[in-house]
Amino acid sequence: MSADTSLASVQIQLQDSFLRLVLPTITAETPDQAQSWLDLEQALKNQLRLQDKTWAKNHPVHLVTHDRLLDTRQLQAIADILQDVDLDLQWVETQRRQTAVAAASAGYCVEQSLARPPLVAAEKSAKPIPPLLLKNTLRSGVIIRHGGDVILFGDVNPGSEIIAEGDILIWGTLRGTAHAGVMGNQDAVIMILRLAPSQIRIADVVARVSSDNVDQGQPEVAHITAEGIRLSPARGFKRTK
């Protein structure tokens, strides 16, 4: 009975450009974590076995984990199961910070969403979303999305991107794209240890960093002014309204 329930709760939706794989949410009836993971592995294998495999080789997969906590070993196990049927895990959408960190560390694109939408209008005293802290370099093609601040100890390589509703701090070299205040927050800033030719976006304002502006020998902060996005030395920088 439990196996049938697990099988039914694993959803596979074939889109035009990717396959959307939705894992079941954690409930009060969920058994212990070890058994839950074993059931999930088997359910995923069974569900894929039943699919009409019309996708091309290495068809991309967008994995939705909801509130399920997954580590790098479990994400790799899912990737291996998918690879066996010519599917390529590329994107992980999660409500758990630990899963987001594990997915980013494994080199996947990541989107961390809120646990559940509020039932009433948010109060002014509502707690801010905790920052997403990552300690790895983002390779080309990796996209990180987060509803708060993003702190990265590593480089942002060409072709990779960080998108945050809050601020972005890159303790490394920015060679790709950083977009802070994505929902229109013009007070957001991007702090960068080292600049290389790249693209910086704050709210709806875009600036391209040319080779003339790179590597000033000190951390810099990108922020919006009346003239557009400006780079200022991080030392002594004060956010102004």
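The values are calculated or read from the model by the stated rules, or taken from the named source; none is laboratory data. As the structure is a computational prediction, the values presented were derived from the model and not from experiment. A quick note on method: Cβ atoms are made from the backbone with ideal geometry, for glycine too, and the neighbour counts reach across all protein chains shown. Calculation scope for accessible area: heavy atoms of the full protein, side chains included, ligands and nucleic acids excluded. Shrake-Rupley method; radii C 1.70, N 1.55, O 1.52, S 1.80 Å.
Relative to the present Cα-Cα distance, how much length would full extension add between GLN51 and VAL214 at 0.36 nm per residue of separation?
Details: separation 163, 0.36 × 163 = 58.68 nm, distance 5.03 nm.
So the extension gain works out to 53.6 nm.
Which residue fluctuates the most in the chain, going by a Gaussian network model with Cα springs under 10 Å, if the choices are ALA222, ALA77, ALA56?
The residue that fluctuates most here is ALA56.
May I ask you to compute the full-extension gain from ARG73 to LEU14, defined as 0.36 nm times their residue separation minus their alpha-carbon distance, rounded to one decimal in nm?
Numbers: separation 59, 0.36 × 59 = 21.24 nm, distance 2.54 nm.
Stretched fully, the ARG73-LEU14 segment lengthens by 18.7 nm.
Can you pull the one-decimal nm distance between simple spin-label points at ASN58 and VAL205, each 7 Å off the Cα toward Cβ?
Those two pseudo-labels are separated by 4.1 nm.
Taking N as the number of residues in the chain, what is its alpha-carbon radius of gyration divided by 2.2 N^0.38 Å? Display every interim value, and only then the final one.
Details: Rg = 20.2 Å, N = 241, 2.2 N^0.38 = 17.7 Å.
Computed over Cα atoms of the chain, the ratio equals 1.14.
Over the chain, average the accessible area per residue using a 1.4 Å probe and give it in Å², no decimals. Write out the running numbers ahead of the final one.
On the way: 13270 Å² over 241 residues.
Here the residues of the chain average 55 Å² of exposed surface.
Under 14 Å Cα-Cα from LYS135, which aspartates and glutamates qualify once same-chain neighbours fewer than 8 residues away are excluded?
Leaving aside aspartates and glutamates fewer than 8 places away in the same chain, those within reach of LYS135 are ASP155.
For the chain, which whole-number percentage of the solvent-accessible area (1.4 Å probe, protein heavy atoms only) is attributable to carbon and sulfur atoms? Walk me through the numbers before you get to the answer.
Details: 6660 of 13270 Å².
With neighbouring chains kept in place, the figure for the chain is 50 percent.
Just grab the label-to-label distance for ASN136 and GLU227, each label 7 Å out from Cα along the Cβ direction, in nm (one decimal).
4.0 nm
Over the Cα atoms of the stretch 122-241, Rg to Rh with Kirkwood Rh, two decimal places?
On the way: Rg = 13.5 Å, Rh = 14.2 Å.
Taking Rh as the inverse mean 1/r over Cα pairs, Rg/Rh reads 0.95.
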